[in-house]
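Chemist: Structure incoming, see below.
None of the figures in this text is laboratory data; all of them are computed from the coordinates on show. Every value quoted in this text rests on a predicted model; they were computed, and no experiment measured them. Note that each Cβ is placed from the backbone with ideal geometry, even for glycine, and that neighbours are counted across all protein chains shown.
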Amino acid sequence: MKNLIKFPLMVSAGLVAMTTIANAAVEVETAFVFNTLMFLIGGFLVMFMAAGFSMLEAGMVRSKNVATICTKNIALYSIAGLMFWVVGYNLMYDIDAGGFMGSMGIWSSIGGDAGAEAGDFGDGTGYGAYSDWFFQMVFCATAASIVSGTVAERIKLWPFLIFCAVLTGFIYPIVGSWEWGAGWLDAKGFSDFAGSTLVHSVGGWAALVGAIILGPRLGKYRTVNGQTVVTPIPGSNLPLATLGTFILWFGWFGFNGGSQLALGSGADAMAIGRIFTNTNMAAASGTVVALILTQVLYKKVDLTMVLNGALAGLVAITAEPLTPSIGQAVLIGGIGAALVVFAVPLLDKLKIDDVVGAVSVHLVAGIWGTIIVPFTNSDATYGVQALGIVSIGAFVCIVSAIVWLVLKYTIGIRVTEEEELAGLDVSELGLHAYPEFTHDAKI
Amino acid sequence: MKNLIKFPLMVSAGLVAMTTIANAAVEVETAFVFNTLMFLIGGFLVMFMAAGFSMLEAGMVRSKNVATICTKNIALYSIAGLMFWVVGYNLMYDIDAGGFMGSMGIWSSIGGDAGAEAGDFGDGTGYGAYSDWFFQMVFCATAASIVSGTVAERIKLWPFLIFCAVLTGFIYPIVGSWEWGAGWLDAKGFSDFAGSTLVHSVGGWAALVGAIILGPRLGKYRTVNGQTVVTPIPGSNLPLATLGTFILWFGWFGFNGGSQLALGSGADAMAIGRIFTNTNMAAASGTVVALILTQVLYKKVDLTMVLNGALAGLVAITAEPLTPSIGQAVLIGGIGAALVVFAVPLLDKLKIDDVVGAVSVHLVAGIWGTIIVPFTNSDATYGVQALGIVSIGAFVCIVSAIVWLVLKYTIGIRVTEEEELAGLDVSELGLHAYPEFTHDAKI
Amino acid sequence: MKNLIKFPLMVSAGLVAMTTIANAAVEVETAFVFNTLMFLIGGFLVMFMAAGFSMLEAGMVRSKNVATICTKNIALYSIAGLMFWVVGYNLMYDIDAGGFMGSMGIWSSIGGDAGAEAGDFGDGTGYGAYSDWFFQMVFCATAASIVSGTVAERIKLWPFLIFCAVLTGFIYPIVGSWEWGAGWLDAKGFSDFAGSTLVHSVGGWAALVGAIILGPRLGKYRTVNGQTVVTPIPGSNLPLATLGTFILWFGWFGFNGGSQLALGSGADAMAIGRIFTNTNMAAASGTVVALILTQVLYKKVDLTMVLNGALAGLVAITAEPLTPSIGQAVLIGGIGAALVVFAVPLLDKLKIDDVVGAVSVHLVAGIWGTIIVPFTNSDATYGVQALGIVSIGAFVCIVSAIVWLVLKYTIGIRVTEEEELAGLDVSELGLHAYPEFTHDAKI
């Protein structure tokens, strides 16, 4: 009897222990679902950034090149997915710790979900292999999207797409493997949460090298009395560029928030809330800084600079959207935008013709965001951040230059002067983006 | 004492058993929340496809018909929701197993959530009744969106909207009941995961019949020496069409992913990850195939065909986005796009004027996607897939033809020649979509 | 032995008890993740409404003012975030129960997440502090977005932005504190689920006062024989306005659904499903009512009125999207749209020039939605609803008038006649939104 009396108490104790266990953490299969869901939501948001880049670039080029830039954007997004499947993913993630690059070979999920399919959902950090692949793939596509804006309005369609295939199949994944694949740069302690350097600067360097090798658009720069005179070439559709910027901002919540790579605990959920907030505030700050700076410097607000200010804020916070306070995020985003306001005319002085300002936004603000990580994240150091920026910059520049030059001296990368004047839509596609609107293109 | 010594061990064993139970599956109310959340996320993504169709079609018609096509698209989405509530949902889902159609009558959630409201969340497959209704409703609207593009630029506004009411209230739900309502076609073993046939072909058949009965736009076809000469009528705003395609691609993750109808387990989450990946890769493949084929066939890349290639890839994978490997998804999507590249000129040869290529994309690629299901899903057979395609096609064609013809011989379906030349925006709406842009429409 | 035999049975009983506990509710940390996730998803959807307002307004103004309206929209969204951080959030939520306003001071999460960070996830209603802040911030931005459309095409950029800063930093948060901050109006029993009054009418009143103080656009109204003659000023890009409306509709699922403020239980999930459905059906009904009414009244369907009808349905259902049946939601949304169809010409009779119809949509339909809450929600009374509408209206009108007048008599709020005729894009920004499309702006 005594035992029987004690028994319920002990069972009760057991229940308390059980409840404690149940409450100690989200149940592992539930966590698995949450983590996978975060990759899916983050993934579709980042996928939509492809539309954002398309609209931003379509709005910033002249109407005679709009259909071509749309074609490039949907094509490069598609090619990125195929290349990342055929070679990129394994090159990036199937790598030995501390290594330089992963394995060659088509990605297959075989094995990736095996444990979970057998009912073993691990320790609460698990997720579906495909959802992860999808999320990483849309990042790869983003790097290529950055390039297309810079080299617009004079590059041939097919050489551009070949460059994108190399970038998304090899250049981006190799650099990515150094850090996110747990390669040598990660071993050094480099820190780049969502890719200010790994995605945005990679795209920015490749774009910069491309712009230099391609040369500027006809009529953009003249030299008068030894001074460079810049002829502004206004974009044809600024509401479309505005829409593109808003879509990018919207997608960036997936870009930075999804880079938490987990939603399987209350701590993860809190972190993503913080990331959303900091991402938004850096962009808001970038917008306002560009607004004020262009008013002060030029006596008129410049919408295209304001849009680039928002994007610069987003790029700058991407290297570390979690550790800053809101005030620090505002500072980081605002300085990113200020750098862009000065970088755009500087590139023009150097006669580097960047149609949409992507080098200023993605490379300059990307470097800034990366170097400033130690300001808010004590796990990072300025030295290693600089090492990462320089080594990745050197690698991307060298390899990009080789690819651009091989293309230039084989199939050629630039349309003829006649084609450029007529517009790429006619020469590359044989159609008009707005056949009824523009005066000389009316058909 | 002995008992007491053993006791903790057994409690411990009980705890292990308990933990095993807790880990064996996501807790049922949690699963209920996940399932409901998937319907909500899938639903808002598919809802946004209405914007995608609007922009695609607005970009593909001439500027004089743009406001009308926008009006049609927001109106049909609204009418679809109302009709699906008043009669469609019960016609589709309140059906006896193996039956031909459900019950007539307005949908009410009464009873649908009763169990869950009483605290009984079932076995882990439950979900909120309204979330399910919302998700099914946006599918219904999609079928109608497909029609509007094909018959654009010459159909009267109100007869078109009456047709949409019949399509979304009766035709789509009856056909849907055969399979997704567990009717006779489901009993036969027909397989259509997210609706290559049930949604896309239904819209495609209705559009095809409408286009034939309406006749082509003025000036589209001439006969010269017994040969049909096609006059291309270019769309007025290709970046808008590109945006529409990207929005559709974005929404398709909800369309196919949400059709898993559950997120309440790790297996569901993994499945949706796979569906997202295959959906994306089929579209990517369709894009690249259309890019290459138009280059090879016409020596110029055709942006509108590339956009339709992407959409064809999406339609083709929709019948079975879960079982294919990525390679198979690439194949299925790519062949879907190739079929569209050939179907578009074929329809022109038949003098069937499809303004946006919707019949080629949604019907042809929809048939392809449906017939190829057994290639990757051993639960399906080619015979039953063909039976489903043919029986659904026959039903939709016959009923659509009756409705179109009744409309034609009562209130009329086509605007006058003068109205068509002036543009439907003037005749149907009395305004201009772009009053300041086009040359002759400047006011 | 007897004990030992009984023992497993009792452990089994203990397991049953345990299972019952586990099933009684979603585990608290899981609920915390769900709740936080709902804020994040709702937040990014509402954030995207900023793009919707931009496109709606960009499509409804003349092309000479398009870049300016884009600039205003991205700037006001950014300023709203900064102001809500610096002062708004604490003014709104750091308030004593029944009070008139909260505390002054910058928002910091310090303490907000302290419990959860220590592992105490509370009772299932918890959520991450940042996710909540983000969600509330995007609501604040919405209020400002409403104003920009009404006062477009003649207001100076910087005075407008200063007004937005006051609105989002002080006016909106103080009014919001009365109800959502649990202030005096909440104590009275006022009911406004997602903000027909707290967000939409606040924006509407501020816009109305601004429009009156600013005066109408040049050429909009003439007096002939004592009668007001209205010159319609058509919008420059109706597909863009349509896109904006669809984006707003899409974002509204986050606006109303997220206002459930929880997803941590099956009951919450069911409620959100119901909210999504009612939100959609009210908009669908508004669309169809506007379609039919404009056909009957004007013999032609008016696309811009149809778009406003959809938005009016959305605004009307926002005060109570949960308790109505679908039929009631259809009624509420439809009447909201009907009121707008009559309010728009009424405002014109009063020579109040509202460029996009925002006062009719957000104020008139907002009042309607708020007053009708007791029809479906027995917790509300018509008297208290009227009290809330009137007191909030009075406060916003008085404070807005003071701010607008101070701006008018210090830095001025209206551009000169020459600037207005030339377009604000030239005078405020020095550029063109569509430099290649419009006839006189070709550069």
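Chemist: Does region C:185-248 come out rounded, prolate or oblate, given a ≥ b ≥ c as the square roots of the eigenvalues of its C-alpha gyration tensor, rounded meaning a/c under 1.5 and, failing that, prolate meaning a/b above b/c?
Modeler: oblate
Chemist: Something else: Would you work out the relative contact order for chain A, in percent, from Cα pairs under 8 angstrom that are 6 or more residues apart?
Modeler: 23 percent
Chemist: If you don't mind, there's one more thing I want to ask. Considering only the other residues whose Cβ falls under 14 Å of the Cβ of B:TRP404, what net charge follows from Lys and Arg at +1 and Asp and Glu at -1? It would help to have the intermediate numbers written out before the result.
Modeler: Values: positive: B:ARG154, B:LYS156, B:LYS408, B:ARG414; negative: none.
Taking every other residue near B:TRP404 into account, the sum is +4.
Chemist: Given the options A:PHE255, A:PHE135, A:PHE342, state which has the largest fluctuation in a GNM of chain A using a 10 Å cut-off (strictly under) for Cα springs.
Modeler: Comparing A:PHE255, A:PHE135, A:PHE342 in the GNM, the peak value goes to A:PHE342.
Chemist: Now, a different point. Pop the C-beta distance of B:ILE212 and C:THR125 into the FRET formula with R0 = 60 Å and round what comes out to the nearest 0.05.
Modeler: Between B:ILE212 and C:THR125 the formula returns 0.55.
Chemist: Ok, one more. What list of ³J(HN,Hα) values in whole Hz, one per residue of region A:47-59 in order, does the Karplus curve 6.51 cos²θ - 1.76 cosθ + 1.60 (θ = phi - 60°) give from phi, with Gly and Pro shown as x?
Modeler: 3, 5, 4, 4, 5, x, 4, 4, 6, 4, 6, 4, x
Chemist: How far is the Cα center of region B:342-384 from the Cα center of region A:100-145, in Å?
Modeler: Centre-to-centre distance over Cα atoms comes out at 32 Å.
Chemist: What is the calculated FRET efficiency for A:ILE106 to C:SER103, with r their C-beta to C-beta distance and R₀ = 45 Å, to the nearest 0.05?
Modeler: Working: r = 59 Å, r/R0 = 1.31.
Result of the calculation: an efficiency of 0.15.
Chemist: If you take the charge dipole of chain A about its Cα centre, with +1 on Lys and Arg Cβ and -1 on Asp and Glu Cβ, which of A:VAL406, A:LEU293, A:HIS362 is farthest toward its positive end?
Modeler: It is A:LEU293, whose Cα lies furthest towards the positive end.
Chemist: Ok, one more. Classify the protein assembly as shown from the C-alpha gyration tensor, please: rounded if a/c falls under 1.5, else prolate or oblate depending on whether a/b exceeds b/c. Before the final figure, lay out the partial values.
Modeler: Details: a/c = 1.21, a/b = 1.21, b/c = 1.00.
Cα axes put the protein assembly as shown in the rounded bin.
Chemist: Just need log10 I(q)/I(0) for region B:29-429 at q = 0.07, 0.15 Å⁻¹, Debye formula, equal scatterers on the alpha-carbon atoms, no solvent, rounded to two decimals.
Modeler: Debye intensities relative to I(0), on a log10 scale: -0.30, -1.40.
Chemist: With a 10 Å cut-off between alpha carbons and a GNM built on chain B, which of B:ALA114, B:ALA144, B:ALA206 moves the most?
Modeler: Of B:ALA114, B:ALA144, B:ALA206, the Gaussian network model singles out B:ALA114 as fluctuating most.
Chemist: Using a 7 Å offset from the Cα along the Cα-to-Cβ direction at both A:LYS408 and C:VAL406, what is the distance between the two label points in nm, to one decimal?
Modeler: Distance between the two pseudo-spin positions: 5.9 nm.
Chemist: Here is a follow-up. Using the count of nearby Cβ atoms within 10 Å as a rough guide to exposure, how do C:GLU428, A:GLU419 rank from fewest to most?
Modeler: Numbers: C:GLU428 24, A:GLU419 15.
The most exposed by this proxy come first: A:GLU419, C:GLU428.
Chemist: Then there is this: Roughly how many nanometres apart are two label points built 7 Å out from the Cα toward the Cβ at B:ALA394 and A:ALA394?
Modeler: A separation of 7.3 nm, rounded to one decimal place.
Chemist: Moving to a separate point now. Which of C:CYS164, C:CYS70, B:CYS397 comes first, and how do the rest follow, when ranked by fewest Cβ neighbours within 10 Å?
Modeler: B:CYS397, C:CYS164, C:CYS70
Chemist: By how many nm would the segment from A:LYS349 to A:ALA118 grow when fully extended, if each residue of separation counts as 0.36 nm and the alpha-carbon distance is taken off?
Modeler: Taking 0.36 nm per residue and subtracting the Cα distance, the gain is 77.0 nm.
Chemist: Among B:ARG222, B:ARG154, which comes first, then next, by fewest other beta-carbon atoms within 10 Å? Write out the running numbers ahead of the final one.
Modeler: On the way: B:ARG222 10, B:ARG154 23.
If I rank by nearby Cβ atoms, fewest first, I get B:ARG222, B:ARG154.
Chemist: Count charges around A:GLU179 for me, please; just the other residues with Cβ under 13 Å from its Cβ, Lys/Arg as +1, Asp/Glu as -1.
Modeler: Charge balance near A:GLU179 sits at -1.
Chemist: Could you identify which residue out of B:ALA312, B:ALA358, B:ALA241 has the top mean-square fluctuation in a GNM of chain B using Cα springs shorter than 10 Å?
Modeler: B:ALA241
Chemist: Can you give the FRET efficiency to the nearest 0.05 for C:GLN227 and C:SER325, using r as the Cβ-Cβ distance and R₀ = 45 Å?
Modeler: Efficiency, from the Cβ-Cβ distance: 0.50.
Chemist: Give me the net charge for the shell around C:VAL66: Cβ to Cβ below 14 angstrom, other residues only, Lys and Arg +1, Asp and Glu -1.
Modeler: Net charge in that neighbourhood comes out at -3.
Chemist: Per DSSP helix of 4 or more residues, -39500 (n - 2.57); summed, then divided by the residues of chain B. What does that give at 222 nm, rounded to the nearest 500?
Modeler: -21000 deg cm²/dmol
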